[in-house]
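The values are calculated or read from the model by the stated rules, or taken from the named source; none is laboratory data. Owing to the predicted nature of the structure, the values given are computational and were not obtained by experimental measurement. Note: ideal-geometry Cβ built from the backbone for every residue, glycine included; neighbour counts use all protein chains shown.
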Amino acid sequence: MRDLFGYRDKRVVITGAASGMGEAATRLLIELGAEVYALDVREVTLPVKKYISTDLGKKESIDAAIAKIPGNIDSIFTCAGIVSPPFSDIEVNLVNFVGQRHLIENLLPRVVDGGAIAMISSIGGMAWQMNMETLMQFLATKDFDEALAWLKANPDAARGYGEPRGGFSSYGFSKQCLITYAKLRAGELAKSNIRINTLSPGTTQTPMTPAFYKAFGKELSDSLVSSIGRYATPEEMAEPIIFLNSNMARYISGHDLQVDYGFVASIMTGQKVFGSM
């Protein structure tokens, strides 16, 4: 059978590989024959090529991980994410965006012609266009340290302003950053024949679900489900993000793929009011 995905013997780097969507994506990549370098703060138990302990909230930890990844890279997947509480707003932005950007930008010289990058964002970042002025200021930061300084100087923006414009929370703001970053980088990376996209999952049942309940409440989390009436599974997010970096998506770049069974569509067309059951 023709290898439509094209991962066999390809070198892949993936963050957040120990649980949830990242673990599901890692398992599928192994099944498709990829050589997987898995990054996470927790040990990855799947039979990857190499597990590298990495804290995406710390620049030195990311740099140490980069030094352990050999040679050329075909695909990068960033699937790690945290929420406040229990983490601070700055920690959320560092792990969910700043650290992942630092990893990607420093690995880009190793990404091969035809390579691809896919990042897990969220429907929580769907209002990114309403927040462009702030996002452009933040994304203009050149590196990890400059981004950290900006977050400290702009705490209201870092926590998402508590309104749709900022994604309601630091989690939403960080996801807006991922979507905007991909769209900003797509044109420049196209010159090197490298693609970059984001996946915005709807409400998904993962080990992070209790943390979302604590941060936002179960009622709000349940309200972010489409009319299908159930949460997605990690596999239902892993499969489309695997598609985004595959040969079958070779002309897709700068796109935010919303995988939410029509939830955002119902918001945009006025059929559902955000936060209502």
(request) Find the residue count for region 1-40, including only residues that are touching a Phe, Trp or Tyr at 6+ places or on another chain (Cβ under 7 Å) and assigned to a loop (DSSP other than H, G, I, E, B). (result) 3
(request) Go through region 127-173 and count every residue that is polar (S, T, N, Q) and touching a Gly at 6+ places or on another chain (Cβ under 6 Å). (result) 3
(request) Filter region 58-86 for residues that are under 18 Å from Gly172 (Cβ atoms) and either modelled with pLDDT of 95 or more or of a type in the set (Val, Ile, Thr) (or both) and give the result. (result) Thr78, Cys79, Ala80, Gly81, Ile82, Val83
(request) Kindly list the number of the only condition in (1) surrounded by 15 or more Cβ atoms within 10 Å (Cβ to Cβ); (2) at pLDDT 95 or above; (3) under 29 Å from Phe243 (Cα atoms) that fails for Thr134. (result) (3)
(request) Output the residues belonging to region 223-262 that are in a helix (DSSP H, G or I) and more than 19 Å from the chain's Cα centre (by Cα). (result) Ser223, Asn247, Met248
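If only one of Tyr251, Tyr231 is among the aromatic types (Phe, Trp, Tyr) and exposed (fewer than 15 other Cβ atoms within 10 Å of the Cβ), which one is it? Talk me through it step by step, then tell me what you get.
Details: Tyr231 fails: exposed (fewer than 15 other Cβ atoms within 10 Å of the Cβ).
Exactly one residue qualifies, and that residue is Tyr251.
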(request) Count, please, the residues in region 130-166 that happen to be acidic (Asp, Glu), outside any loop (DSSP other than H, G, I, E, B) and more than 16 Å from Gly99 (Cα to Cα). (result) 2
(message) Restricting to region 162-182, count the residues that are surrounded by fewer than 20 Cβ atoms within 10 Å (Cβ to Cβ) and out of contact with any helix residue (DSSP H, G or I) (no Cβ under 8 Å at 6 or more places or on another chain).
(response) 2
(request) Of the numbered conditions (1) in contact (Cβ under 8 Å) with a residue 12 or more places away in the chain; (2) assigned to a helix (DSSP H, G or I); (3) over 22 Å from Asn197 (Cα atoms), Ser61 fails exactly one; give the number of that condition. (result) (1)
(message) I'd like to verify a number: residues in region 156-186 that are more than 16 Å from Leu199 (Cα to Cα) and in contact with an Asp or Glu (Cβ under 7 Å, 6 or more places away or on another chain), how many?
(response) 3
